[in-house]
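Read the figures in this text as sums done on the coordinates, not as results from a lab. Note that the coordinates shown come from a computational prediction; the quantities given were computed from them, not determined experimentally. Glycine also receives a Cβ, built like all others from the backbone with ideal geometry; neighbour counts cover every protein chain displayed.
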Amino acid sequence: QGQLLAKSWSSLFKGQTGATPRGPIYSFNGRNVLTDPLWPRRLAWHGSTPRGGQARRQDCQGWRSSGPGEGLATPLGEGSLLAGQRHNCSEA
C-alpha cells in the first residue's frame, strides 16, 4: 500500500526504537490485521530464531490438524518481530 512499516530493515527485526509497525498492516485479501476482528490475536508467524535462522520443530512445518505442534509467533506491535513466543500450530 506504499506506507512506511518501519524506519529500517534491521530495526524491524532487532527491536530497536521505531520497530513497532506504523499504520495498517494488510493481509493478502486487503484487511487491516491490526484492526480487523478476523485477526483477534494479531500475530506474525515466523518459525525463526531471534537471529533469523529456522527454529527446527517450532515452525509448524509439516503440521496437520490431527496432531500437536508448536510454532513461533510474535504479537505485532511489540517491537521485535523475531522475539518468538510458542503458540499451538492450530491457533487461527
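Highest first, please rank the peptides 24-37, 42-55 by the mean number of other Cβ atoms sitting within 10 Å of their residues.
Peptide ranking by packing, descending: 42-55, 24-37.
Using amide H atoms built in the peptide plane, which far-off residues or other-chain residues are under 5 Å from A44 H to H?
Sorted by chain and number, the residues that satisfy this are T74, L76.
Using modelled backbone amide H atoms (1.01 Å from N, in-plane), which distant-in-sequence or interchain residues come within less than 5 Å of A55's amide H?
S48, T49
Put a dot 7 Å past each Cα toward the Cβ at L4 and Q54; how far apart are the dots in nm?
If labels sit at Q54 and L4, their model points lie 3.6 nm apart.
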